[in-house]
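The values are calculated or read from the model by the stated rules, or taken from the named source; none is laboratory data. Because the structure is a prediction, the values reported are computed rather than measured. We place every Cβ from the backbone using ideal geometry, glycine too, and count neighbours over all the protein chains shown.
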Amino acid sequence: MIETVHVPLGERAYDVRIGQGLIARAGAEIAPLLSRPRVWIVTEETVAGLHLAALQDGLRAGGVDSAALVLPPGEGTKSWPHLIRVVDWLLDERVERRDMVLAFGGGVIGDLVGFAAAILRRGVRFVQVPTSLLAQVDSSVGGKTGINTGHGKNLVGSFHQPSLVLADIDVLGTLTARDFRAGYGEVAKYGLLGDAGFFDWLEQNGPALAAGDAALRAEAVRRSVQMKADIVVRDETEQGDRALLNLGHTFGHALEAATGYSDRLLHGEGVAIGCALAFELSARLGLCSQEDPSRVRAHLAQMQMKRDLSDIEGELPDADGLLSLMGQDKKVVDGRLRFILARGIGDSFVTADVPGDAVKSVLAEALAMR
Ligand code: GLY
């Protein structure tokens, strides 16, 4: 069964289609949006090796011709040199304003290609075909696009909504267990930030969906995407509520920076540890009960996920070092860090009113446990 979550953003509205077999029917899904029956796919080597032929077959079956650019895998691709490469390729291919570009891959490809589409000829349309769990539940929906620079992650970019998102649940079957679990960090985030019932559901069903149950996977993606769509519609350009989606990210981004955006810590792993720390900080400030951070950690443990700083191998900076890495976060306003804190599971809020000392002591204690 294929389900649709509609993202009602006026003239930028679009559907997120979720289910099995969507790549095989990509042509039928995309053809109605095209001004000519050809698309330009940008992907990366790992995804191309596993799924590019199937996508091109699926497009052809719907009467859609395609050309593909295959980039190296990994976070390093989300950078100025590869942005230039994508834009130059699309210009070489004479892609026009009314044409359609396909971002076929995980969050790196989605963010990079979405940004290239945003700036090419002042904006061409694009379809997200996310292949990682993280991209299906978070980065492919909502129109955030961009690249990393030497100063940090996602510091250059734009809001550019896709015209369609095709989240094929079958492709999740080729993810490594580690990549799947990292993406699951973002799924758990949705329950923690705004839906205690969904978090209960994840506690019941998380292990079975990690083991491969496609119906449960589709349900987890659908509920996550619906929550994201609701928040994006309320606050498309992150003037307020959308920052809730960054639960766990202020800590997580600092940990990613501290580990050099390397294999030592994947983004979703940083988010999972960051969620545990955000609940720890909330409990310390008396906002939620002491049991809540324990329950967050227990679920991450049940899912065999990283949840503590001791789960990160190698050296980490001290608490002051981590705090200064947080200062580069995009959520800094007038020099004050904005945090997403929680009054309980499923009840998060955005605040700039967090004493630096409390953050520092949560970090110092977490570091001391290593
Ligand atoms: N990943 C956070 C957002 O889309 O706002």
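Name the residue that is farthest from residue 168 (Cα to Cα), counting only residues in the stretch 21-31 that are among the hydrophobic types (A, V, I, L, M, F, W, C) and in a loop (DSSP other than H, G, I, E, B). The extreme case among them is 24. The residue list 290, 304 contains one member that is modelled with pLDDT of 90 or more, at positive phi and in contact with a helix residue (DSSP H, G or I) (Cβ under 7 Å, 6 or more places away or on another chain), which is 304. Of the residues 282, 289, the single one that is over 27 Å from residue 111 (Cβ atoms), of a type in the set (Ser, Thr, Tyr), crowded, with 24+ Cβ neighbours inside 10 Å and touching a residue at least 12 places away in the same chain (Cβ under 8 Å) is 282.
Consider the stretch 190-204. How many of its residues are in contact with a helix residue (DSSP H, G or I) (Cβ under 6 Å, 6 or more places away or on another chain) and either of a type in the set (D, E, K, R) or not in a helix (DSSP H, G or I) (or both)? Here the count works out to 1.
Checked against the criterion of being surrounded by fewer than 20 Cβ atoms within 10 Å (Cβ to Cβ) and either in contact (Cβ under 8 Å) with a residue 12 or more places away in the chain or within 24 Å of residue 102 (Cα to Cα) (or both), the candidates 191, 183, 206, 212 yield just one match: 212. Does the stretch 21-35 contain any residue that is under 12 Å from residue 166 (Cα atoms), in contact (Cβ under 8 Å) with a residue 12 or more places away in the chain and touching a Lys or Arg at 6+ places or on another chain (Cβ under 6 Å)? No.
Taking residues in the stretch 138-167 that are over 30 Å from residue 4 (Cβ atoms), and partners anywhere that are within 11 Å of the ligand (Cβ to nearest atom) and in a loop (DSSP other than H, G, I, E, B), the pairs with Cβ atoms closer than 9 Å and at least 6 places apart or on different chains are 152/330; 153/330; 155/330. Restricting attention to the stretch 253-270 and to residues that are under 14 Å from the mean Cα position of the chain (by Cα) and at pLDDT below 95, the residue that is surrounded by the most Cβ atoms within 10 Å (Cβ to Cβ) turns out to be 268. In the stretch 14-22, the condition of being touching a His at 6+ places or on another chain (Cβ under 9 Å) and farther than 27 Å from residue 85 by Cβ is met by at least one residue. The set of residues in the stretch 324-338 that are touching a Gly at 6+ places or on another chain (Cβ under 9 Å), surrounded by 17 or more Cβ atoms within 10 Å (Cβ to Cβ) and modelled with pLDDT of 60 or more comprises 325, 337.
Could you tell me whether residue 277 is touching a strand residue (DSSP E or B) at 6+ places or on another chain (Cβ under 6 Å) and either away from the ligand (no atom under 16 Å from the Cβ) or in a helix (DSSP H, G or I) (or both)? Against the criterion (touching a strand residue (DSSP E or B) at 6+ places or on another chain (Cβ under 6 Å) and either away from the ligand (no atom under 16 Å from the Cβ) or in a helix (DSSP H, G or I) (or both)), residue 277 does not qualify.
Does the stretch 160-176 include one or more residues that are under 24 Å from residue 22 (Cα atoms), within 16 Å of the ligand (Cβ to nearest atom) and in a helix (DSSP H, G or I)? Looking through the stretch 160-176, none of the residues is under 24 Å from residue 22 (Cα atoms), within 16 Å of the ligand (Cβ to nearest atom) and in a helix (DSSP H, G or I).
When the stretch 138-160 is filtered for residues that are among the hydroxyl-bearing types (Ser, Thr, Tyr) and either under 13 Å from the mean Cα position of the chain (by Cα) or modelled with pLDDT of 95 or more (or both), the ones remaining, listed by number, are 139, 140, 145, 158. Within the stretch 227-255, if we keep just the residues that are touching a residue at least 12 places away in the same chain (Cβ under 8 Å) and of a type in the set (S, T, N, Q), the residue that is nearest to the ligand (Cβ to nearest atom) turns out to be 246.
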